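Before any comments, here is the structure.
Values quoted throughout were computed directly from the atomic coordinates according to the rules given, and no laboratory measurement underlies them. Since the structure is predicted, the reported quantities are computational estimates derived from the model, not experimental observations. Here Cβ is always computed from backbone atoms with ideal geometry, including for glycine, and neighbour counts include all displayed protein chains.
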Amino acid sequence: MTNTILATEKLTRSFGGLVAVDDVTFAVERGSIHGLIGPNGAGKTTAFNLISGLIAPSSGRVLFDGRDITSLPAHARVATGICRTFQTPQLFEDMTALETVMTGCHVKGRIGIAGGMFKFAAKSREEAAIESKSMGLLAEIGLADHADVQARNLSYGQRRSLEIARALAAEPSVILFDEVTAGLNPVETDFIANLIRRLRDTGRTIVLVEHDMRFVMGLSDRVTVLNFGRLLAEGTPAEILSNEQVIEAYLGRPKEKVRG
Amino acid sequence: MNAVIQILSGLTIGCIYGLVALGFSMIFRAMGLVNFAQGDIMMLGGFLGYTALSIAPELPFVFILVIAMIATGLFGFVIERVAYRPALKRNADQIYLVLLTLGIGIVLANAARLFWGANPVVYKIPLTFDIVHVGGYPLPRVYFYIVGFMTLTIIALNLLFTKTWTGLALRAVSQDPTTSRLMGIDPGRSSSVAFVIASMLGAAAGVLYAPLFYVSFDMGAVGLKAFAAAIIGSLGSVFGAVVGGLIVGLAETIGGQIIGTEFQDSIAFAVMIAVLLLRPQGLFAQNRRVA
Amino acid sequence: MLRNLSRLGALALSLALAGQASAQTLKIGIVGPLSGPSAVYGTETLEGARFALEAAQASGALGSYKIELIPDDSAGNPGRAAQATARMIASDDVLMVIGGSTSAETQAMIEVTRPAEVFQFSPLAQATNLTQQGNKWFARLSQTADAFAGNAAIWAIERHKAKSVYMLVRNDNYGQSLAEAFGREIEAKGIKVAGRVAYEPAAKDFKPILSTMGQANPDFVAILGLYTDTGLIVKQMGELGIKVPTYANTSPAIPQFIEIAGPASDGAYGALYYFAGSIDTAAGKKFVADWNAKFKRDPSQYEGMGYDTMLVLVEAVKKASAAGKVTRESIRDAFFKIADLPVASGNVSILPNGDVKRPLPFVQLKDGKLKLDFLLDK
Amino acid sequence: MSSSTATSAAVPTGSTSLSLQRSRRTDWLVFLVVMATFALVPPLLGGFALYIATIVAIFAIAALGLQIMVGLAGQLSLGHAAFLGVGAYTSVLLQKLYGVPFLAAVAIATLASALVGLLMGQLVRLSGIYFKIATFGFGIIVYQLLSNWSSVTGGHTGLIGIPPIRILGTVFRDRLSMFIIAMIYLAVTYALLLRLTHGRAGRAFRALGQNEAAAQSIGIPAASYKMAVIAIGCGAAGLAGTLLPHVYNFLNPEEFTWLQSLVLLIIITVGGLGSLPGAIVGAVVLVVVPEYLRAFQEYKMLAYGVLLIVSMIFMPRGIAGIVQGLVTRIRGRHAPAETPS
């Protein structure tokens, strides 16, 4: 299993009486695009929050590169190489796009609070490096000419891109995208799809939580399906599309049971 | 004699704290807003009662209480509409909202100083000096009004939250604003209702406080201790606010005796910090409101 | 911002220039709490001073001089009082400063007036140590806490035969310095101090203290504080049924004390800076008559002190101008030459250390009216 | 873990944003203008202007720290005056009782205030509303300790006989040298905090203040940065406090009440939340303007309250925001005019 970069082992999380994620074990291969799908309320976002450390599991483990990171707080997981985006972009509304991405470089920086006040040459070197790297990232997601626009003044699609650029600034080896195409038009969706492929081609591992089946099936190398918090199926997109249980889960259930 | 009288006076003052704390809690529940002007609302109630009394000196105390509550309630309604609602609509940051409530508190206190003067005023009614002997203990008659009003308030709030549509709506909004909006509950209306009720409770605290001591423009500080009470009993909990108030009242009289009366003002906050160390959400936290 | 600042600067400059224009006008700063919880001291003192000044200007007692009062509010905050005083001296170029009311703000002002060598005259401040700093630029019209409370103790023992005294002390500079003198005299006379408790200035509920006090069973209670707390203490003593002769400092003369304490205030004793009607001299009677003619009521003790402050000042101006030019230094010297000056509160002398010698009236509240209990004039 | 960035392949790196650099240059330009105004105007006016400018500087230093803490990192402190008190008392007592030299006493007092701030932060490891109320309570407790620990602090009476400032054997006690020392304090604090905001830590503070969850999601350790910013805010207040007794020549707990905490908050709000020069302008407004409205002293607090409400409702970015808006508009008007000429 040396090729596994991210794995969960019997991951479980309950809220009150409700078990949102129930004994889920799956593995993500290094350098792959991995889809995580399931009907509404299947526990995808909860699984994401457990992996990124936003909430703690009731039981089970999260492994990164073979190392147990279950007890690491969210910010420390970023330093190890996991970074995420949110279902609705969570930005720093008063910062410009450039500042936002520069903030994303936080874990790669060295100059601390005292250094920020008292170091001169080292600080200006680091600042210049961070700035040029951030400008590069903005250019990559097509926001170079919006570098000085405040986040609050960007369009929805631009906000999404900016959030991705900010995540990339941390140079993660695994990126978790939570419904990255929600609210985007087809052109923007295609742009994101290409970006994700490019990221994989440069050696990143991508995990997608998605609603848009066409998007996720067209992009993913492997797909994991959750239903009611449990693992339902895992395989290549083709295998999943022909899986009876999955089809039933998506189509065969009465609509009333679908929870928000 | 000593201990009993201390405990009773602590509990009565605790009831006053509890009433202010209830208002604080209700507004927090309905709007997620920390209303730092709540203590000054109490002061306003006390002064409005005084004005009512100087216009109609023969009016029974209960009427004074009701008049002050209605007048302050209206006032609360206006403040909510004019100052808080627009800020909340704009989705303003918590810091702005807290500073806004602080500003309103300063304006209320200093406007009251200019209007009613810097000297404290006293309700010139027999109740202010009436003593009743119960089991050999001399007790001010207003104690019974305070305890009675507190009991009625708890019953009334319970009925409100369990039996009326408005009350249910208030609870729903506090638990899940988005869903309740989908269900046709207007969050604006609930915040108005919460504000009016909180202002009325604050006014009642002010009027009931007056015969015990006096009313002065700077008594909003009393209300600030009620914040500590609300937090000790967990923000948003009706029961908790009342118990928190009683705890602060008792701790002040008894603690004041032990560590010295010169530190009385610190006790409420010391207890609060201690409670929060042990139970970060207060004594009566409800788990359902985690997020 | 630069423009704003320079505009403010220009304003300050013009104010300063205006000050130099008329040489006949003597500018006198007066600092005290005009707002905040202790506003009554500042506003009433100012009112009394203005009343006396009007009369003096009208009667031509000032000769060719004219006094302009420049008031400023300390709000009871020492820092604010110091700042106001510094401004008066530097920008308004005042001749001298009257103030402050509380001892803390008076001390704060001294730290400004003393190095600037400007004379300061306090109408009300009582802290004993204010006149014990070797400062030649300060004097006051009020008796020291030491004299005030010390004499009160002697009065309690000699006139009221107190045998066991319980002291309730406001825990600030004012209350503690009263208590020190009071306690010292009590002990010096071999009388028992049944208990001594300090309470926080903001305290409202005194029942815990009072029930302890009830158990000590004293035959005399001395409350050394301000009317807001003495009022509540006397009220709550009434509620607990504690009936002991009570000395409530200067409070019995303050209407709010009677309102707060209610029926329990009846019989309370106090000592006053000044008590209208206690002084039989011509000046004493004239003040009460004049005040009644204008305000239709007797003057309060602070109004009396403000009035007398101005009378003393007018006399000092007369003395200084008779001796030559009125300067910051000559006005100070004139103050220290005041001896047996007949003013509203009796005959006043300023002692070499800046303290005062004048009568001290003790009063009792009876049926809502103050009665002179004893006039200490030695 | 591969450290090669996704950017290195396709993107032209090395590019910089002109406007980011311009905005940093503007910040330093404003710094120069503010400090030059302070250096020129009060000495020209002399006398009382020097005194009042010294007091402005003290409030401005405390407000700068509070601005970083509240305006940038969103950690509201409702008892900030207490930390001025900790600084003032620590420094004076060290000088008075133990003869510690002025500069060392100032350094220790600043550190002590920061540590007390950290203690508060640790004791009340709380978020949001709980932290706010706890800071308020903490302020009251510190005030009561200062007022009642009579054997050390002099209690309500306070302390007099403040030792004069002595640096390397030279005694400074006149107005001009007090003013100069205060200006050095202010310039150093302002410059250091400005440098801080222009770097990685400053961005982390802003991120924390604007969206805590997002800040954590990119690896900013929220808890430690909160502690750090509390230490900075409280340390600056303590530093400001060390000057106060030397200016007034006395020390009294009444200077560190809840009301003063409110005044500090009004200063940063009126000046403009998040803006460092705003904090200084706010201090000027709240200290100088009342001096020229002496006849209306009675209405001062009322006016403060109204000012706070009006700023919150009509100018949430304060005076700094208004000035910035004007500058942008003027620049916008001038830009087209430049091209033809």
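General observations
- Translational diffusion coefficient (Stokes-Einstein; Kirkwood radius from C-alpha pairs) of the protein assembly as shown at 37 °C, 0.692 mPa s, in µm²/s: 97
- Rounded to whole Å, sorted largest first: equivalent-ellipsoid semi-axes of region B:2-278, Cα gyration tensor: 29, 22, 19
- Most mobile of C:G60, C:G262, C:G284 in a GNM of chain C (Cα contacts under 10 Å): C:G60
- Fluctuation leader among D:R294, D:R317, D:R24 - chain D, Gaussian network, Cα springs under 10 angstrom: D:R294
- For the protein assembly as shown, DSSP calls about 50 percent of its internal beta bridges antiparallel.
- Rh by Kirkwood over Cα pairs, then Stokes-Einstein D for chain C at 1.567 mPa s and 4 °C, µm²/s: 60
- Cα-based helix-to-principal-axis angle, A:156-169 vs chain A, degrees rounded to 10: 70
- Other residues lying with their Cβ under 12 Å from the Cβ of D:L159 contribute a combined charge of -1, Lys and Arg counting +1, Asp and Glu -1.
- Spin-label zone in region D:213-246 - amide nitrogen under 20 Å from a point set 7 Å from the Cα of A:S71 along the C-beta vector: D:221-224
- Kirkwood analysis of the Cα pair distances in region D:224-291 returns a hydrodynamic radius of 13.3 Å.
- In summary, the aspartates and glutamates within cross-link reach of B:K89, defined as a Cα separation below 15 angstrom excluding same-chain residues under 8 places away, comprise B:E80, B:D186.
- 14 Å cut-off, amide nitrogen to a point 7 angstrom out along C:L376 Cα→Cβ, residues in region C:237-263: C:247-250
- If R0 is 41 Å, the Cβ-Cβ spacing of A:F15 and A:D148 corresponds to a FRET efficiency of close to 0.45.
- Counting Cβ atoms of other protein chains within 10 Å of each Cβ in A:91-102 and taking the mean gives 5.
- Lys/Arg +1, Asp/Glu -1 at C-beta; the protein assembly as shown dipole; positive extreme among A:F48, B:L212, C:V343: A:F48
- Values of log10 I(q)/I(0), in the order q = 0.19, 0.26 Å⁻¹, for region B:1-80 under a Debye, Cα-only, solvent-free model: -0.91, -1.18
- Pairs from the table (C:K286/C:K369; C:K207/C:K366; C:K161/C:K286) lying more than 27 angstrom apart at Cα are C:K161/C:K286.
- Between helix D:102-123 and chain D there is an angle of about 70 degrees, using the helix long axis and the longest principal axis of the Cα atoms.
- Computed over region D:210-324, the P(r) curve from all C-alpha pair distances, binned at 5 Å from the origin, holds 2, 10, 14, 19, 18, 17, 10, 5, 3, 1, 0 percent per bin.
- Sparsely packed trypsin sites (Lys or Arg not before Pro) within region A:59-117, loop by DSSP, other Cβ within 10 Å at most 16: A:R110
- B:I131 versus A:M213: modelled label distance in nm, points set 7 Å from Cα along the beta carbon direction: 8.5
- Rh by Kirkwood over Cα pairs, then Stokes-Einstein D for region B:17-58 at 1.567 mPa s and 4 °C, µm²/s: 113
- Here's the list of lysines a cross-link from C:K325 could span, going by alpha-carbon distance under 17 Å and ignoring same-chain residues fewer than 8 apart: C:K27, C:K66, C:K337.
- Filtered GluC sites (Glu not before Pro), region C:53-143: DSSP coil and at most 12 other beta carbons within 10 Å: C:E117
- The trypsin sites (Lys or Arg not before Pro) of region C:154-187 meeting both criteria, a DSSP state outside H, G, I, E and B (loop) and at most 12 other C-beta atoms within 10 angstrom of the site's C-beta, are C:K161, C:K163.
- Each Cα pair under 8 Å and six or more residues apart adds its separation to the average, and for chain A the resulting relative contact order is 28 percent.
- Partners for C:K294 among aspartates and glutamates (Cα-Cα distance below 20 Å; same-chain residues under 8 apart left out): C:E44, C:E47, C:E54, C:E303, C:D308
- Expressed as a fraction of 2.2 N^0.38 Å, the value expected for a compact globular protein of N residues, the C-alpha radius of gyration of region C:146-272 is 0.93.
- Whole-Å distance, taken between Cα centres, linking region D:159-209 and region A:165-228: 50
- Cα-based equivalent ellipsoid, region D:3-253: semi-axes from gyration tensor eigenvalues, Å: 36, 25, 14
- Distance violations [Cα-Cα > 29 Å] among B:K225/D:K96; C:K189/C:K357; C:K235/D:K300: B:K225/D:K96; C:K235/D:K300
- Neighbour counts of C-beta atoms inside 10 Å place B:I254, C:I242, B:I155 in the sequence B:I155, B:I254, C:I242, starting with the fewest.
- Taking every lysine pair in region A:1-156 that is 8 or more places apart or spans two chains, those with Cα atoms closer than 20 Å amount to 5.
- Candidates C:P361, C:P245, C:P208, ranked by Gaussian network fluctuation over chain C, Cα under 10 Å, top entry: C:P208
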